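The values are calculated or read from the model by the stated rules, or taken from the named source; none is laboratory data. Computed from a predicted model, the values in this text were never measured in an experiment. Because the Cβ atoms are built from the backbone with ideal geometry, glycine has one as well, and the counts that use them run over all protein chains shown.
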Amino acid sequence: EVAKSNPSVEKPDVLVVNGHRIQCVKAARNPADLPWGKLGVEYVIESTGLFTQKTQAEGHIKGGAKKVVISAPASGGVKTIVMGVNEKEYDPATHHIVSNASCTTNCLAPLVHVLTKEGFGLETGLMTTIHSYTATQKTVDGVSMKDWRGGRAAAVNIIPSTTGAAKAVGEVIPATKGKLTGMSFRIPTPDVSVVDLTFTAKRDTSIKEIDAALKKASATYMKGILSFTDEELVSTD
């Protein structure tokens with residue numbers, strides 16, 4: 001049975017759904033102009049993709065928020081946190097603005113974390129992400145400020161691109177800093193991406209041993225972060 005609701009507007013800036021009053025906030029070009037303090041907002045998720053520099057994200061703090069989580073790679077000395085990998089490094093006394101890194105980094109870092117934790121090590125590595133198109137891409141061929149290829153129509157092209165995920169992994173797992181590189185292919189699918197990691201281990205091993213370690217980790221200390229399957233699945237599964 002699906003619950004039905006009858007949304008109503010109590011005031012111009014309040015939406016009521018099943019008796020629950022939702023305060024609506026008007027958009028502002030400057031995060032500092034948002035009334036977070038007045039509304040009692042403590043945590044802000046900065047997911048616009050526009051305010052990824054620390055000085056920009058600090059606008060939310062000036063607006064009254066206590067903490068800001070940037071849902072993208074950030075710059076300006078922002079601490080990068082990947083759950084299951086380095087969240088214990090979070091210091092609530094100093095880390096008022098943190099980055100949750102990119103989607104690709106959240107896929108790659110847990111995998112590399114297990115490889116290093118279980119003693120396989122990583123001498124060098126190349127990661128390739130087969131990545132769904134994103135909101136910044138064009139529906140038809142057009143101009144891209146970043147690179148020429150980036151302006152091509154997203155739904156009909158495989159577009160080689162860059163990725164900062166490999167570098168970001170070095171920030172959350174210092175032992176791998178400078179050892180990983182990578183590239184990205186933007187493909188014509190709206191959702192589900194893949195990361196392929198090719199690496200040189202620090203000791204002799206086998207795919208059977210690596211699979212066993214990943215499977216064990218997915219059921220223990222990486223449960224809820226990393227999953228393991230040997231089923232013949234495809235992206236829509």
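Given the condition in contact (Cβ under 8 Å) with a residue 40 or more places away in the chain and either out of contact with any helix residue (DSSP H, G or I) (no Cβ under 7 Å at 6 or more places or on another chain) or not in a loop (DSSP other than H, G, I, E, B) (or both), answer yes or no: does some residue in the range 3-23 qualify? No, the range 3-23 contains no residue that is in contact (Cβ under 8 Å) with a residue 40 or more places away in the chain and either out of contact with any helix residue (DSSP H, G or I) (no Cβ under 7 Å at 6 or more places or on another chain) or not in a loop (DSSP other than H, G, I, E, B) (or both).
Every listed requirement among (1) in contact with a strand residue (DSSP E or B) (Cβ under 8 Å, 6 or more places away or on another chain); (2) hydrophobic (A, V, I, L, M, F, W, C); (3) closer than 24 Å to Pro31 by Cβ; (4) at pLDDT 95 or above is met by Leu111 save one, (3).
Looking across the range 154-179, the residues that are assigned to a helix (DSSP H, G or I) and either basic (Lys, Arg) or in contact with an Asp or Glu (Cβ under 9 Å, 6 or more places away or on another chain) (or both) come down to Lys167, Val172.
Out of Ser144, Ser132, one residue alone is assigned by TED's automatic domain parsing to the domain that holds Glu209, hydroxyl-bearing (Ser, Thr, Tyr), at pLDDT 95 or above and farther than 17 Å from Val169 by Cα. It is Ser132. Is one or more of the residues making up the range 14-35 crowded, with 18+ Cβ neighbours inside 10 Å, modelled with pLDDT of 95 or more and either more than 28 Å from Val172 (Cβ to Cβ) or among the aliphatic types (A, V, I, L, M) (or both)? Yes, the range 14-35 contains at least one residue that is crowded, with 18+ Cβ neighbours inside 10 Å, modelled with pLDDT of 95 or more and either more than 28 Å from Val172 (Cβ to Cβ) or among the aliphatic types (A, V, I, L, M) (or both). From the list Val44, Val85, Val68, the lone residue that is part of a loop (DSSP other than H, G, I, E, B), touching a His at 6+ places or on another chain (Cβ under 7 Å) and either in contact (Cβ under 8 Å) with a residue 12 or more places away in the chain or over 27 Å from Pro188 (Cα atoms) (or both) is Val85.
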